[in-house]
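Taking it in order: structure first as structure tokens, then the write-up.
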Amino acid sequence: MAKLIVEKSGPLKGKVRINGAKNSVLKLMAASILAEAPCYIESVPELLDVEVMNTLLESLGLTVQYDRDEESLVIYPAADLKCEAPYEIIQKMRASFLVMGPLLAKKGVAKVSMPGGCAIGARPIDLHLKGFQALGAEVTLGHGYIETKAVNGLVGNEVYLDFPSVGATENIMMAATMAKGQTMIQNAAKEPEIIDLANFLNEMGASVKGAGTDTIRINGVEHLNGAKHQTIPDRIITATYMIAAAMTNGDVTIENVVSSHVKPIAAKLREMGVTVEDEDDVIRVIGTDDLKAVDITTLPYPGFPTDAQAQFMALLSIAEGTSVINETVFENRFGHVAEINRMGANVKIEGHSAVIQGVKQLQGAQVKATDLRAGAALVLAGMISEGITEIDDIFHIDRGYPQIEKDLVSLGAHIRRVEADKG
Ligand SMILES: CC(=O)N[C@H]1[C@@H](OP(=O)(O)OP(=O)(O)OC[C@H]2O[C@@H](n3ccc(=O)[nH]c3=O)[C@H](O)[C@@H]2O)O[C@H](CO)[C@@H](O)[C@@H]1O
Ligand SMILES: C=C(OP(=O)(O)O)C(=O)O
């Protein structure tokens, strides 16, 4: 098993370019199931999760060609689309449950393994299922699988989400593209990835209106064509590198971003005393040696993203004063606290909040990535720690960062990847 070895690094300096968003591309890939002709997806990062989705689509009968150099995918429709997604693949990645909506729309029946809980929470799928039922699907659960059936096809309806779930909004939106009549999703999630998916569906011939607001209207169409689409830049990697620049008192220009997608990060960094200069697709972050404590509450978009909470905690661990982070999106997303405390941070968990008392200096230690963003937070913490930080279980990081060490090393960080037994 590989590890990352991180040594204290000076201020990060230079330019870095952001790749396509994992949380968008996985849904674009799932949506390709709906198409009757090939789909071309550009800006596809080389990630473990993309590999898992490739395997899943191929297991359903689609053909996937991935050009790593061009970072592009061509997905050909299945001659004989299968409607069962097995446990072996679904358990590797929660986003694979997003094939349920497209399969149900296309085949009128789908059987998908129930995704389990994970390190950040139980993550139920009740809202997805309520949406499918509202569209007329029968839902049955048995032997760890969920089966949905709409023998006479789905019929548009109003769907109110109790919580603006990203995955439920996407799954229901995809299911509704070929339902009879209009579907209205109320209290829909407003994340940029929802807009990206809606744009892709519309390029395929769907009629999706209102994505990015809390009411999405989908008018069902007979069939969907292929399309060509460029994935939006990854706002969480953008956020991670903004925090890295601030943490090392650096001066980093981040290219190929959508600066409006990272407004809460920019706002909180400014509140801490960091300079953030943003244009449409470029952000420059200039650090300070006088970081002030701030409070944060994670919320659905456009609130502060839960996916940047761990990384921001690493930054707050060296700010002057006491900060509080309220995690309201996931009930158990503080796996990184024990690890960062091993590095000398002073963080206490009180229910759904973490209280961070800033310290002057972190120290390198042997730590574990407990999930994807927890792993990224440890990389950032390692860069400002005295001595050496060894991070295990970095497969979590590889799920979502195609080249974290390459990017950070290009900015001056001291990070290397080693096989565990080679030290
Ligand atoms: C692949 C992907 O895009 N992952 C993102 C997506 O996850 P994901 O789509 O799983 O996140 P959701 O927005 O659905 O989940 C948010 C909250 O709603 C709850 N919930 C969700 C669905 C449901 O049927 N019932 C229910 O109770 C979840 O347990 C969680 O507490 O959005 C999250 C919130 O921005 C991000 O952290 C993830 O990185
Ligand atoms: C939680 C995340 O991803 P997933 O929903 O795939 O677990 C994430 O990207 O931070």
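The values are calculated or read from the model by the stated rules, or taken from the named source; none is laboratory data. Just so we're clear, the structure is a prediction, and the values are computed from it rather than from any experiment. Positions of Cβ are backbone-derived with ideal geometry, glycine not excepted, and every protein chain shown enters the neighbour counts.
Condition check ((1) more than 16 Å from ligand 2 (Cβ to nearest atom); (2) surrounded by 15 or more Cβ atoms within 10 Å (Cβ to Cβ); (3) in a loop (DSSP other than H, G, I, E, B)) across all residues:
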| position | (1), (2), (3) |
| --- | --- |
| 262 | no, yes, no |
| 267 | yes, no, no |
| 283 | yes, yes, no |
| 311 | no, yes, no |
| 331 | no, no, yes |
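Among residues of the stretch 65-99 being out of contact with any Cys (no Cβ under 9 Å at 6 or more places or on another chain) and of a type in the set (Lys, Arg), the one that is nearest to residue 166 (Cα to Cα) is 92. With respect to (1) part of a helix (DSSP H, G or I); (2) modelled with pLDDT of 95 or more; (3) charged (D, E, K, R); (4) over 21 Å from residue 204 (Cβ atoms), the lone exception for residue 88 is condition (2). Among the residues of the stretch 56-76, is any within 13 Å of ligand 2 (Cβ to nearest atom) and either under 20 Å from the mean Cα position of the chain (by Cα) or of a type in the set (Phe, Trp, Tyr) (or both)? No; the residues of the stretch 56-76 include none that is within 13 Å of ligand 2 (Cβ to nearest atom) and either under 20 Å from the mean Cα position of the chain (by Cα) or of a type in the set (Phe, Trp, Tyr) (or both). Only one residue in 81, 129, 104, 73 is over 20 Å from residue 193 (Cβ atoms) and not in a helix (DSSP H, G or I), so which one is that? Testing whether each residue is over 20 Å from residue 193 (Cβ atoms) and not in a helix (DSSP H, G or I) leaves just 81.
Within the stretch 321-338, residues that are in contact (Cβ under 8 Å) with a residue 40 or more places away in the chain reach partners that are of a type in the set (A, V, I, L, M, F, W, C) and in a helix (DSSP H, G or I) with beta carbons closer than 6 Å, at six or more positions or on different chains, in the pairs 335/374; 336/310; 336/374; 336/377.
Selection of first residues in the stretch 7-30 that are under 21 Å from residue 46 (Cβ atoms) and part of a helix (DSSP H, G or I) and of second residues that are polar (S, T, N, Q) and more than 15 Å from ligand 2 (Cβ to nearest atom), restricted to Cβ pairs under 8 Å at least 6 apart or on distinct chains, gives the following pairs, ordered by first then second residue: 25/43; 29/54. Every test in (1) within 16 Å of ligand 2 (Cβ to nearest atom); (2) assigned to a strand (DSSP E or B); (3) of a type in the set (A, V, I, L, M) is passed by residue 146 save one, and that test is (1). Screening the stretch 343-371 for residues that are of a type in the set (D, E, K, R) and crowded, with 18+ Cβ neighbours inside 10 Å and picking the one that is nearest to ligand 2 (Cβ to nearest atom) gives 371.
Does residue 340 satisfy the condition of being under 25 Å from the mean Cα position of the chain (by Cα), part of a strand (DSSP E or B) and not aromatic (Phe, Trp, Tyr)? So residue 340 does not fit the description; no. Against the conditions (1) closer than 30 Å to residue 336 by Cβ; (2) part of a loop (DSSP other than H, G, I, E, B); (3) more than 11 Å from ligand 1 (Cβ to nearest atom), residue 136 satisfies every one except (1). Residues that are under 23 Å from residue 241 (Cα atoms), under 25 Å from the mean Cα position of the chain (by Cα) and in a helix (DSSP H, G or I) do not occur anywhere in the stretch 318-326.
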